[in-house]
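First the structure, in the form of structure tokens, and then the observations on it.
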Amino acid sequence: MSTDTRTANTRTTDTLVIGAGITGAAAALVLSEAGHRVTVVDAYGPAAMASGWTLAGVRQSGRHPAELPLARAAVAQWAQLDERLGRETGYRRSGNLRLARSEDEIETIRALVENQSAAGLPISWLGSLTEVREIAPHLSERVLAASFCDSDGHADPVATVTAFLERAGDLGATLRFGERVVRLRANAGRVTGVETDTASYAPGTVILATGILANDLLAPLGHRVPLRRPMVTVLRSTPTEPLLTPVLGVANADMAARQELSGRLRVTSGAEDWPGEIVEEAGRPAIRPRLRAIRETIEKVSSVLPAFAGLELEGVWAGALDLTPDALPVLDRPEGLENLVVVAGFSGHGFGIGPVTGEIAARLACGETPDHDIAPFRLSRFRDDARESAPLTLHG
């Protein structure tokens with residue numbers, strides 16, 4: 001009888017984090033700082049999927065009321081992250097402009113400012129193009145009004161996630177990249193084993209942070225996060241002169257833009273259906289965008305930032321969103337699996353809150369009560385739920 005070498009050499013760890021995006025990386029660091037033995041496993045490496053595909057805004061504006069406390073707590077952390085991690089994240093507090101391009105969008109943005117001001121967020125209403133251009137002078141006359149939150153900003157997604165993981169490694173975490181988890185084994189209400197394509201683990205707890213792929217591992221255990229998986233097209237220009245300081249968003253979420261510290265413009269489209277194919281390019285997962293979406297994204301961005309149309313294009317890709325029916329994430333331990341924590345469904349705006357959602361995941365993995373109310377993020381909220389999909393805000 002042959003012996004599977006994966007089970008013959010089972011590795012032990014206090015917590016196994018599956019997925020090296022920002023939430024998994026932040027959770028690994030929090031646990032490592034507390035002295036836990038942590039192993040991070042990812043089929044590719046840091047920020048290989050959603051965290052790297054994102055626009056990488058760090059914002060509070062436009063957040064759902066349930067998510068706003070997490071966003072405000074995260075922004076308070078971002079200013080100190082470089083010091084905490086001992087590495088550069090590329091974070092800049094440069095503000096967020098959410099643009100109105102029609103009378104209907106003016107009403108949407110005005111209501112956003114009123115509601116978020118009432119919730120205590122410092123956010124301004126800019127009722128004319130003249131006021132908007134004081135912050136972003138290169139915007140076109142298509143812009144009629146905007147909201148502005150000066151405490152929002154952006155960061156470098158790959159540098160940030162890598163910094164979290166490397167700092168966790170400094171503290172003893174084991175980082176295993178290029179290793180794909182293929183199965184979770186459960187017995188008597190606990191995950192008892194995790195199998196990868198090369199090894200087997202016997203973890204004390206498991207944090208599942210695999211984004212759009214979460215249900216591949218959850219479904220065999222009888223659980224499922226209700227997810228749609230639309231895709232967003234992302235374009236990146238070659239470096240150019242300063243054109244944009246704040247992150248740009250729009251009322252209906254059909255485009256967003258920011259200028260990286262390198263001078264490159266990174267812009268995104270609205271969401272569209274994704275057929276579900278992921279290919280590998282240079283050892284990294286990739287989703288190929290449609291030519292139509294590339295053209296439409298250029299047109300939409302250029303309509304508010306005309307200089308974009310004249311830039312050279314350096315990179316094009318698409319990213320898939322793990323979109324829940326209410327566009328809020330799942331941060332929970334599924335019923336009947338006391339040592340499994342699921343973090344998924346960030347709906348295209350999980351990057352900015354990653355430092356806090358990582359903390360929440362770590363607290364849940366330790367059996368502790370998080371500092372934030374997670375009732376709105378429980379998996380059980382979808383039980384017998386037929387609600388329609390919520391509007392999507394892409395950037396951040």
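The values are calculated or read from the model by the stated rules, or taken from the named source; none is laboratory data. As the structure is a computational prediction, the values presented were derived from the model and not from experiment. Every residue, glycine as well, gets a Cβ built from its backbone with ideal geometry; the counts of neighbours run over all protein chains shown. Heads up: the accessible areas ignore ligands, DNA and RNA and are worked out on the full protein's heavy atoms, side chains in. Shrake-Rupley method; radii C 1.70, N 1.55, O 1.52, S 1.80 Å.
Points to keep in mind about this one:
Conditions tested, residue by residue: (1) free of Cβ contacts under 8 Å to residues at least 24 places away in the same chain; (2) open to solvent by less than 50 Å² (accessible area, probe 1.4 Å); (3) assigned to a loop (DSSP other than H, G, I, E, B); (4) under 27 Å from Gly153 (Cβ atoms).
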| residue | (1), (2), (3), (4) |
| --- | --- |
| Leu235 | no, yes, no, yes |
| Leu243 | no, yes, yes, yes |
| Arg295 | yes, no, no, no |
| Ile298 | no, no, no, yes |
| Ser302 | yes, yes, no, yes |
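- Candidates Asp14, Asp104, Asp82, filtered to the one that is open to solvent by 40 Å² or more (accessible area, probe 1.4 Å), closer than 22 Å to Ala365 by Cα and outside any loop (DSSP other than H, G, I, E, B): Asp14
- Residue under evaluation Gly35, criteria (1) of a type outside the set (Ser, Thr, Tyr); (2) farther than 22 Å from Leu184 by Cβ; (3) in contact (Cβ under 8 Å) with a residue 12 or more places away in the chain, criterion not met: (3)
- Restricting attention to the range 363-376, the residues that are closer than 19 Å to Ile18 by Cα and in a loop (DSSP other than H, G, I, E, B) total 2.
- Restricted to the range 124-213, the set of strands (runs of 3 or more DSSP E) holding at least 2 residues that are of a type in the set (A, V, I, L, M, F, W, C) and either at pLDDT below 95 or under 24 Å from the mean Cα position of the chain (by Cα) (or both) comprises 145-149, 174-177, 181-187, 200-208.
- Scanning the range 328-349 for residues that are under 12 Å from the mean Cα position of the chain (by Cα), small (Gly, Ala, Ser) and open to solvent by 10 Å² or more (accessible area, probe 1.4 Å) turns up just one, Gly348.
- Looking only at the range 113-151, and only at residues there that are touching a helix residue (DSSP H, G or I) at 6+ places or on another chain (Cβ under 6 Å) and among the β-branched types (Val, Ile, Thr), the one that is least open to solvent (accessible area, probe 1.4 Å): Val143
- Of the residues making up the range 153-174, those that are open to solvent by 10 Å² or more (accessible area, probe 1.4 Å) and in contact with a strand residue (DSSP E or B) (Cβ under 6 Å, 6 or more places away or on another chain) are Gly169, Ala173, Thr174.
- Scope the range 312-327; condition in a strand (DSSP E or B) and either at pLDDT below 95 or open to solvent by less than 10 Å² (accessible area, probe 1.4 Å) (or both); matching residues: Ala318, Gly319, Ala320, Leu323
- Applying the condition of being assigned to a loop (DSSP other than H, G, I, E, B) and of a type in the set (Gly, Ala, Ser) to the range 263-293 and asking which residue is nearest to the chain's Cα centre (by Cα) yields Gly276.
- Within the range 328-362, the residues that satisfy the criterion of being in a loop (DSSP other than H, G, I, E, B), among the small types (Gly, Ala, Ser) and closer than 27 Å to Arg284 by Cα are Gly345, Ser347, Gly348, Gly350, Gly352.
- Test result for Val38, open to solvent by less than 10 Å² (accessible area, probe 1.4 Å) and over 18 Å from the mean Cα position of the chain (by Cα): yes
- Restricting the first member to the range 307-321 and to residues that are free of Cβ contacts under 8 Å to residues at least 12 places away in the same chain, and the second to residues that are open to solvent by 40 Å² or more (accessible area, probe 1.4 Å), the beta-carbon pairs closer than 7 Å and six or more apart or on different chains are Ala309/Ile298.
- The residue that is farthest from Leu337 (Cα to Cα), among those in the range 175-208 that are of a type in the set (Val, Ile, Thr) and surrounded by fewer than 17 Cβ atoms within 10 Å (Cβ to Cβ), is Thr198.
- Any hit, the range 17-26, residues being touching a Gly at 6+ places or on another chain (Cβ under 8 Å), surrounded by fewer than 22 Cβ atoms within 10 Å (Cβ to Cβ) and closer than 20 Å to Asp156 by Cα: no
- Residue in the range 265-275 that is nearest to Ala100 (Cα to Cα), counting only those that are touching a strand residue (DSSP E or B) at 6+ places or on another chain (Cβ under 8 Å) and surrounded by fewer than 17 Cβ atoms within 10 Å (Cβ to Cβ): Glu272
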